[in-house]
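A.B. asks: I have a structure I would like to understand better, so I am pasting it below and will then ask my questions one at a time.
The values are calculated or read from the model by the stated rules, or taken from the named source; none is laboratory data. The structure displayed is predicted, hence computed values, not measured ones. Quick reminder, even Gly has a Cβ in these numbers, built from the backbone with ideal geometry, and neighbours come from all protein chains shown. The protein model used for the area step is the full one, side chains on, heavy atoms only, and it has no ligands, DNA or RNA in it. Shrake-Rupley method; radii C 1.70, N 1.55, O 1.52, S 1.80 Å.
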Amino acid sequence: MINQRIAQASKVAPFTRHEFSVNQPTLSGMRLRSLYRCGATTLLLYEQVALADLGIQANDVDTLKSAAKMVAAPMMEFYDKNQTEGIPGKLTGTWYVAGAMFMTLIQYWHASSDDTYNPIVSHDLMFQSGENYDFFSQNYSHWLGNDDQMFWGLASITASETGFPEIPGKPTWTSLARAVFNMQVARWDTTGCDGGMRWQIPLYLPGYTMKNAISNGGLFELSARLARFTMNNTYAQWAEKIWDWSASTPLLQTNRWYIADSTSIEANCKDAGNTQWSYNYGTYLSGASFMYNYTNGNEQWLERVNGLLNSLLGTFCPNDKGGNILSEVACEPIMTCDRNQIGFKGYTAMWLAHTAILVPSTATRIYPVLQGSALAISKQCSKQSGNTCGIRWWQSTWDGFTPGLESQMAALGGITANLMYFKSTAPKTIDTNPDGKEDQIIATHEEETPLDMLPPIGAADRAGAWILTVIIMVTAGGSVWWLVKT
């Protein structure tokens, strides 16, 4: 399988116009060596007799690092097997999950100092930024949601905040995050509900008339992190704007610190889809934590952090599951979590670690959950052979779920969150990572016309969109690619 991956790495994807140039042999060589090490590590793990668990011990960083290595190796093997036609960073049936995985791997590298996968992450993350370096490639843009693009922006700002090595001759990671931000705020939609981000981008996709928590919370988080990293107050102003709009709708109910999953334009954003997902809380909490730190301890942001944190822990660490272990409560008890939902609590764990570091007064509430989750992951990742992972962290033996990239990624996120906590290094800013300066990227979509300056969409526009949809379907040979979402 590794040999196939090496062969696939040499293919040129048909859509790209920025494959790495021939004068960069070092990156290519590093990539192949990294793939070899990845395969060797995975093979070694799979040949060993499975342990009773991953061996994590409380307050022991070495056992956390060892367990993370064991979880990451099969995850990368799954990544190798599931790339679409060998295109770097494009997983079959989904796009954003690879971006979320790179975000996790960058955070893992920074917290553990294990750079095994850095060449792969560096190449594939930049590759997927597309022909215009904005994570909006023409190959995918006709079926993307705002939340899809947002995850790649979060991966990019994570690279900036950790000092992940820049690629010579390419835009900085901060510039990629900036491009996502600029494209998204240009879509800020005042044609319905006086603001907010729609879930889907093309108007012919189901969900276009919805405004959801992850699209708005994700952009809020990205804005807050860009504000803190760059010291550019424009980003902070947008973070405030997104928060205020969210709090004017059922998406963010600050009277009880409750986050609804979605609301609809047809109901003027007065209704709510109330399924509870951890990452919705995680994005708003993370963004509030970065804003608290950016504003040098503003009391209003502290109140928001505390309100969201208490609600998150009370909802997603149920007492009947131990009270200190993260659980995706909407789907885990009945084992109906799809590939998207499996990853949510892994991201949330890392965002909790950020919160504990940026808002120190929260650490005493957060660390017991990070530690409890890691100790539980250690037992759940016990499927033979290779100690791969199920999804119910609170179950003391493997839960029977067939392991895959997402279950491994979630477990790696949970373990990495503990390593982040022990390292206790605040995310970098432009002062501590001057190589991460932001620049406008030429020939991107950054200068799109803001959505509130466009004329309202009429019946003729919608009819035209459906005709376009039919044309796309026909030219694709009758195949329709649906993005599976919550």
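A.B. asks: Out of curiosity, is L302 aliphatic (A, V, I, L, M) and within 19 Å of T190 (Cα to Cα)?
C.D. replies: no
A.B. asks: Does T355 fit the bill of being β-branched (V, I, T) and surrounded by 24 or more Cβ atoms within 10 Å (Cβ to Cβ)?
C.D. replies: In short, yes.
A.B. asks: Let me ask something else. Looking at A100, A40, which one is closer than 27 Å to A374 by Cα, part of a helix (DSSP H, G or I) and at pLDDT 90 or above? So that I can check it myself, show each step before the final result.
C.D. replies: On the way: A40 fails: at pLDDT 90 or above.
Sole residue among the options that is closer than 27 Å to A374 by Cα, part of a helix (DSSP H, G or I) and at pLDDT 90 or above: A100.
A.B. asks: Of the numbered conditions (1) in contact (Cβ under 8 Å) with a residue 40 or more places away in the chain; (2) touching a Pro at 6+ places or on another chain (Cβ under 8 Å), A100 fails exactly one; give the number of that condition.
C.D. replies: (2)
A.B. asks: Applying the selection to the range 154-172, what residues are within 18 Å of I441 (Cα to Cα) and among the hydrophobic types (A, V, I, L, M, F, W, C)?
C.D. replies: Scanning the range 154-172 gives L154, A155, I157, A159, I167.
A.B. asks: Pull up the range 107-143, narrow it to residues that are in a helix (DSSP H, G or I), of a type in the set (F, W, Y) and closer than 17 Å to S156 by Cβ, then point me to the one that is most open to solvent (accessible area, probe 1.4 Å).
C.D. replies: That would be W109.
A.B. asks: Next up: Name every residue in the range 254-296 that is touching a helix residue (DSSP H, G or I) at 6+ places or on another chain (Cβ under 8 Å), open to solvent by 10 Å² or more (accessible area, probe 1.4 Å) and under 30 Å from F229 (Cα atoms), in order of residue number. Talk me through it step by step, then tell me what you get.
C.D. replies: Let us first name the residues in the range 254-296 that are touching a helix residue (DSSP H, G or I) at 6+ places or on another chain (Cβ under 8 Å), namely 254, 256-262, 276-295.
After this cut, where a residue has to be open to solvent by 10 Å² or more (accessible area, probe 1.4 Å) as well, the list is 254, 256-258, 261-262, 276-277, 279, 292-295.
Of everything in the range 254-296, those that are touching a helix residue (DSSP H, G or I) at 6+ places or on another chain (Cβ under 8 Å), open to solvent by 10 Å² or more (accessible area, probe 1.4 Å) and under 30 Å from F229 (Cα atoms) turn out to be T254, W257, Y258, D261, S262, W277, Y279, Y292, N293, Y294, T295.
A.B. asks: With (1) assigned to a helix (DSSP H, G or I); (2) more than 21 Å from L419 (Cβ to Cβ) as the list, and N293 as the residue in question, which single condition is left unmet?
C.D. replies: (2)
A.B. asks: Pick from T63, T104: which is open to solvent by 10 Å² or more (accessible area, probe 1.4 Å), in contact with a Gly (Cβ under 6 Å, 6 or more places away or on another chain) and within 21 Å of C381 (Cα to Cα)? Can you show your working first?
C.D. replies: Working: T104 fails: open to solvent by 10 Å² or more (accessible area, probe 1.4 Å).
Criteria check complete, one pass: T63.
A.B. asks: Would it be correct to say that P368 is surrounded by fewer than 23 Cβ atoms within 10 Å (Cβ to Cβ), under 17 Å from S327 (Cα atoms) and modelled with pLDDT of 95 or more? I'd like the intermediate steps shown before the answer.
C.D. replies: Details: surrounded by fewer than 23 Cβ atoms within 10 Å (Cβ to Cβ): yes; under 17 Å from S327 (Cα atoms): yes; modelled with pLDDT of 95 or more: yes.
Criteria met by P368.
A.B. asks: While we're here: Examine the range 195-215 for a residue that is in a helix (DSSP H, G or I), touching a strand residue (DSSP E or B) at 6+ places or on another chain (Cβ under 6 Å) and either modelled with pLDDT of 95 or more or surrounded by fewer than 20 Cβ atoms within 10 Å (Cβ to Cβ) (or both), and state whether such a residue exists.
C.D. replies: Checking the range 195-215: at least one residue is in a helix (DSSP H, G or I), touching a strand residue (DSSP E or B) at 6+ places or on another chain (Cβ under 6 Å) and either modelled with pLDDT of 95 or more or surrounded by fewer than 20 Cβ atoms within 10 Å (Cβ to Cβ) (or both).
A.B. asks: Among the numbered conditions (1) of a type in the set (D, E); (2) more than 30 Å from T432 (Cα to Cα); (3) open to solvent by less than 50 Å² (accessible area, probe 1.4 Å); (4) not in a loop (DSSP other than H, G, I, E, B), tell me where D189 comes up short.
C.D. replies: Result: D189 passes all but (4).
A.B. asks: Here's another thing I want to ask about it. Spot the failing condition for W394; the list is (1) of a type in the set (F, W, Y); (2) open to solvent by 60 Å² or more (accessible area, probe 1.4 Å); (3) not in a loop (DSSP other than H, G, I, E, B), and only one is missed.
C.D. replies: Checking W394 against (1) of a type in the set (F, W, Y); (2) open to solvent by 60 Å² or more (accessible area, probe 1.4 Å); (3) not in a loop (DSSP other than H, G, I, E, B), the one that fails is (3).
A.B. asks: Would you point out which residue out of G314, G218 is open to solvent by 50 Å² or more (accessible area, probe 1.4 Å), among the small types (G, A, S) and either assigned to a helix (DSSP H, G or I) or over 24 Å from V369 (Cα atoms) (or both)? Full working, then the answer.
C.D. replies: Details: G218 fails: open to solvent by 50 Å² or more (accessible area, probe 1.4 Å).
Within the list G314, G218, the selection yields G314.
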